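Worksheet for the structure shown next.
The values are calculated or read from the model by the stated rules, or taken from the named source; none is laboratory data. Note that this is a predicted model, so its numbers are computed, not measured. Neighbour counts run over all protein chains shown; Cβ positions are idealised from the backbone, glycine included. Each accessible area value is taken on the protein alone, full model and side chains, heavy atoms only, with ligands, DNA and RNA left out. Shrake-Rupley method; radii C 1.70, N 1.55, O 1.52, S 1.80 Å.
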Amino acid sequence: MKNSKNNKRTIILAGVLLALLVVAYKVIFMPASTDLTTDAGTSADLDAAGERVAVVLREMENINFDTNMADDPIFESFRSIEIPLISLPVGKSNPFSGTFSSN
């Protein structure tokens, strides 16, 4: 009874391992299919993409960064609340001094 249960498990595990090896082989060693590659597209597609890029660039040129906020006295009154770390010695100056001494 116990032996047949172990045989079934062994057969199932061997099948799963074989399936994983087949998938790994196909992923690693088979050439990529041409279905996934993209073509350059038609000239209409390229024109539409170029137009979208031009629109985004025009929008980016119109961005105005207001730097007057940095000159505001309230902004200049902010102070850092960071606390510097305490410099404590860590470990021995020579960590091997007591390890290999003959005394």
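Values computed for the structure shown
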{"quantity": "Most mobile of S80, S43, S93 in a GNM of the chain (Cα contacts under 10 Å)", "calculated": "S93"}
{"quantity": "Globularity ratio of the chain, using Cα Rg and 2.2 N^0.38 Å", "calculated": "2.67"}
{"quantity": "Gap separating the Cα centres of the range 1-26 and the range 46-76, nearest whole Å", "calculated": "60 Å"}
{"quantity": "Heavy-atom accessible surface of the range 4-77: percent carbon and sulfur, 1.4 Å", "calculated": "65 percent"}
{"quantity": "Longest segment of the chain lacking trypsin sites (Lys or Arg not before Pro) that sit in a DSSP loop with at most 10 other Cβ atoms within 10 Å", "calculated": "1-78"}
{"quantity": "Surface accessible to a 1.4 Å probe, per residue, for the residues of the chain, Å²", "calculated": "104 Å²"}
